[in-house]
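Colleague: Handing you a structure now.
Every number in this text was worked out from the coordinates using simple rules, so none of it is lab data. These figures come from a predicted structure and were not determined experimentally. Here the Cβ is made from the backbone with ideal geometry for all residues, glycine too, and neighbour counts use every protein chain on show.
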Amino acid sequence: MQTPVYASYPAVALLVSVMGMPASATSWKREPFKEGVPLCYRAVFDTEQFVRVKTGLIPEAMEDKWFIYYEEPHLFLHRSWTGQPVYRLTLKSEPKGAEVSEALWSKDIADASALGPDYEVRLLDFLISNLLLGLAKPFPMPPGLTEPKHGVYQHHIAGTYYPQSPTKPEEAWSPPKPKKAWWHIW
């Protein structure tokens, strides 16, 4: 019997032994990822980080807002309550880890979102960094959002309570302006 790759990394081996086997497509209810809009998200993971990413995340409580699993070569991120697909990353294996070669945002969600792709890239980075890699990056707040109480939006989206970082006005996304006034299009 072959020793699993994660056995070489004590922290990851402990995580898998405590939580059970890595997440898979059948670990939680989910809808299939059908169509996506490209995001400019790029990341490189070393070998230990890639093992952590492939381990994924299976929700254990209501506060766990995400179900994340790896099915070669894709990493899927779904909302845990609905199973709705949100992101799909294509990971290219390399001798010392992996690199994100494509990031897609669910077209259904992208079409309905007012936040735009730049914010989604920051949110995706937060989710992977904090939920899978165990880092403590600040949560990216959407531009112009006023919370009734600090941390409410973050809890709603990520189920976490990390420090928050506001989106600077120059990072804010706005819909593209039409090249012609709408009345000239008819």
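Colleague: For ILE109, what is the net charge nearby, where nearby means another residue's Cβ is under 13 Å from its Cβ and Lys, Arg count +1, Asp, Glu -1?
Modeller: -1
Colleague: Same structure, new question: Can you grab the distance from the C-alpha centre of the range 37-53 to the C-alpha centre of the range 70-137, Å, no decimals?
Modeller: 9
Colleague: So, one more: Rg(Cα) of the range 36-185 divided by 2.2 N^0.38 Å?
Modeller: Expressed relative to 2.2 N^0.38 Å, the Cα Rg reads 1.12.
Colleague: Treating only the Cβ atoms of Lys and Arg (+1) and Asp and Glu (-1) as charged, compute the dipole magnitude of the range 44-143 about its Cα centre; round to the nearest 20 debye.
Modeller: 60
Colleague: Please work out how much length the chain gains when fully extended from ASP111 to GLU63, using 0.36 nm per residue of separation minus the C-alpha to C-alpha distance, in nm with one decimal.
Modeller: 14.7 nm
Colleague: Using the count of nearby Cβ atoms within 10 Å as a rough guide to exposure, how do ILE128, ILE157 rank from fewest to most?
Modeller: Ascending number of Cβ neighbours within 10 Å: ILE157, ILE128.
Colleague: List THR160, THR82 from most exposed to least, where exposure is judged by having the fewest other Cβ atoms within 10 Å.
Modeller: THR82, THR160
Colleague: For PRO32, what charge total do you get from the other residues with a beta carbon under 15 Å from its beta carbon, if Lys and Arg give +1 and Asp and Glu give -1?
Modeller: +2
Colleague: Then there's this: For a paramagnetic label modelled at 7 Å from the Cα of LYS34 toward its Cβ, which residues of the range 44-73 fall within the zone defined by backbone nitrogen distances under 17 Å?
Modeller: Residues passing the 17 Å test: none.
Colleague: Related question: If each residue's Cβ is checked for other Cβ atoms within 10 Å, how do MET62, MET21 rank with the fewest at the top?
Modeller: Listed from fewest to most nearby Cβ atoms, that is MET62, MET21.
Colleague: Given the pairs LYS29/LYS149; LYS107/LYS137; LYS65/LYS107; LYS54/LYS149; LYS65/LYS96, which span a C-alpha to C-alpha distance of over 23 angstrom in this model?
Modeller: Where the Cα-Cα span goes over 23 Å, the pairs concerned are LYS29/LYS149; LYS107/LYS137; LYS54/LYS149; LYS65/LYS96.
Colleague: Full extension from ARG42 to SER93: what is 0.36 nm times the residue separation minus their Cα-Cα distance, to one decimal in nm?
Modeller: 17.0 nm
Colleague: Points 7 angstrom from Cα along the Cβ direction at GLU102 and ALA136: gap in nanometres?
Modeller: 3.7
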